[in-house]
Every structure is written in structure tokens, then in C-alpha cells.
Amino acid sequence: MKILSGWSRATVMSLSLALLPLTMIGTPAFAGQRAVIMETRELYVSVVPQDSAGHIPVPPNSHPAEMTEELLVTLLDSVQVRDTLKAKPTPLFTEGALQLLAPHLQQALRKAGPREDVTFIVVALYKTLLGGNTPKTTSGRLFYLDGKLNLIFGVVKDEGRSRLDAQDRDYRLIAVGSRQETAAGDWSLVTGEDRPFELPRKDWVVVDPKAARVVKPAVAATPAATPHMKKGPTDRPLSQRLATLIELKEKGLITEEEYKAKRREIMNEKEPERTPSERLATLNELKKQGLITDEEYRAKRLQILGDL
């Protein structure tokens, strides 16, 4: 065996000591300090340590927090985004993205501690001007503080690293929003009409969930004007109900808001006691008939598998 000279031993020792801090910092930052709630090709939700706000102390969050899926969908669905080159804002999340996100954000808020935030990355399909669909990525940081829900976005409808068939996507490379730095991009968030939101920054939304509960969709606010949207148990097949809903929208008998609200209600209803194989068979048939979107299909499929 060769014996290292005194100079070689000193060199190796110096390099080892120099690399040690990098190892100690890098490992927990990516693996040891985050709890992954859900990870698929189109969704990533995790609980992570609070990020810093520069020299300003970050107060502890009011975690764990309890929030219903319905409320989370309502809050997220109200956020719109405006491209600086366009005057008209558009919804930030698709229906499929809302269905994917809500249950896992709810679970993450239940698990998060006072010194932890919830982060998410979702890839959803958006319609193009030519009539096709293109996948885009939206990410953010979410936390509950002083009775209000905070949403700080990292990327919004970003087409980079968004392919749904990507197997090597590294979620750690996608910005998820920061208290200290405003997100890059020529866009700004916009809140829906009559929504109790605050906008501290172009990428930061703050909302009081208690105030949001007062704001109801049009279908719930004026049930007498839409008797065909009556709530309650029904024996009609799911395919028939969705087909009827689509027909009502195409004939202009219900508004876009009523259509979206009722569609979410139908898709989120508790199903009768059936086996997973029966539920998956029904789901496959709905997709085959074109009554549900690919995103709705994936979201419902994950829900069924999650109930196993």
C-alpha cells in the first residue's frame, strides 16, 4: 500500500473539510426536510419548512389547519391571471387541476406544523387557439396564518418542463413561490368579482376563508331560477346526468358558472356503495363516451385508487 506524503494528506483533508458543509446543507434541503403528500407525473404536493423573508422574522403559521375540499376549490377557482400583453384575465386553474389539487392540499394542511408550508406543482391541459391542448405548469406555496389563507405562486401556466409523458421531471428545479422574492414572468394575479381577496404582490393572494363562505356560486344563490339544478340524491346514471348538463349548457339554458359548479358537484358526490372495479368500469365508460375530460378521468381514477 502506498503511503500518502504529508502534503497529500493535508490536501485531502482540506478538500474533505471544504466539501463537508455542502453535503450537510444539500441533503436535508431536498430530502430530509420535506414530506411528500402526493407525487405523480402531473401533480406534486409536499410539506416543507417555511422559507425566509430576508431580515424580517417569519411568524409561525396557524398549522395544522382544517379546510374542506369544497372551500379550497372555491378559493382556487376564484383566482385569475392576466398576461401583461392581454387585457382580459383568464382562470388560473382548470377544473381537472382543481380536482387533483384540493384533496391533497387539504391533507397537507392537516399535516403541516407551525413552521411548515405546503407547496404544490400541477401540470394541466389548456386549450390552444388552434383547438388543441397543451400542458402547462403552475406552482405555489400555501399557508394559513391569522385566520387567512396565503397563496404565493412560483410559476404560472409555464410551458417549460410540462410534458405529461416526462419521466425525468425534477420537481425540485421548479420555483414554488417565495416570501422574499416576487416571481418572474409577465403576468399578474387577478381576483374574481366580489371575492374577498387581498393582493400584497402580483404573485401573492391572501383570502379570508370565512368571508369566502358567504360568496356562493349563482346556482346556489338562486335555486328557484334553475329548477333543473336541484340538489339531492338521484337514481339517474352518472352518464345521463352529465349528458343532460352538457345539453343545458349548449342550449344556453344555464350559465358557465352554473355549469362548472354543478359539474364539480356531480364529480365530487359520494358514490353509492360499489366495488372499485365497478367504479373504474363506469369511469372508463364515461371517458369513452367523451362525457369527462382527460383531467377529470385522471383525478377520479386517483380518488378511486386512493380509497382502496
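The values are calculated or read from the model by the stated rules, or taken from the named source; none is laboratory data. Bear in mind that the values here come from a model prediction, so they are computed numbers and not experimental data. Counting neighbours? That spans all protein chains shown, and the Cβs are built from the backbone with ideal geometry, glycine included.
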Item checked: Of all residues making up the range 291-308, the number that are touching a residue at least 60 places away in the same chain (Cβ under 8 Å) and not in a helix (DSSP H, G or I) -> 1
Next item on the list: Answer yes if at least one residue in the range 162-169 is surrounded by 18 or more Cβ atoms within 10 Å (Cβ to Cβ), at pLDDT 70 or above and closer than 21 Å to LEU101 by Cα, and no otherwise.
Entry: no
Next item on the list: Report yes if some residue within the range 72-84 is over 14 Å from the mean Cα position of the chain (by Cα) and either more than 26 Å from ALA211 (Cβ to Cβ) or free of Cβ contacts under 8 Å to residues at least 24 places away in the same chain (or both); otherwise report no.
Entry: yes
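Residue-wise test of (1) modelled with pLDDT under 90; (2) assigned by TED's automatic domain parsing to the domain that holds ASP208; (3) surrounded by fewer than 22 Cβ atoms within 10 Å (Cβ to Cβ); (4) at positive phi.
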site	(1), (2), (3), (4)
GLY96	yes, yes, no, no
LEU105	no, yes, no, no
ARG115	no, yes, yes, no
ILE121	no, yes, no, no
ALA124	yes, yes, no, no
LEU142	no, yes, no, no
Checklist line | Which numbered condition VAL36 misses (of (1) surrounded by fewer than 21 Cβ atoms within 10 Å (Cβ to Cβ); (2) among the aliphatic types (A, V, I, L, M); (3) in a helix (DSSP H, G or I); (4) at pLDDT 75 or above) | finding: (3)
Next item on the list: Filter the range 245-259 for residues that are surrounded by 12 or more Cβ atoms within 10 Å (Cβ to Cβ) and free of Cβ contacts under 8 Å to residues at least 12 places away in the same chain and give the result.
Entry: LYS249
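Identify all residues within the range 104-121 that are touching a strand residue (DSSP E or B) at 6+ places or on another chain (Cβ under 9 Å) and outside any helix (DSSP H, G or I); write none if there are none.
Going through the range 104-121, the residues touching a strand residue (DSSP E or B) at 6+ places or on another chain (Cβ under 9 Å) turn out to be 104-105, 107-109, 111-113, 115-121.
Residues satisfying the conditions are ALA112, GLY113, ARG115, GLU116, ASP117, VAL118, THR119, PHE120, ILE121.
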Check: Restricted to the range 63-80, and to residues that are assigned to a helix (DSSP H, G or I) and acidic (Asp, Glu), which residue is surrounded by the fewest Cβ atoms within 10 Å (Cβ to Cβ)?
Finding: GLU70
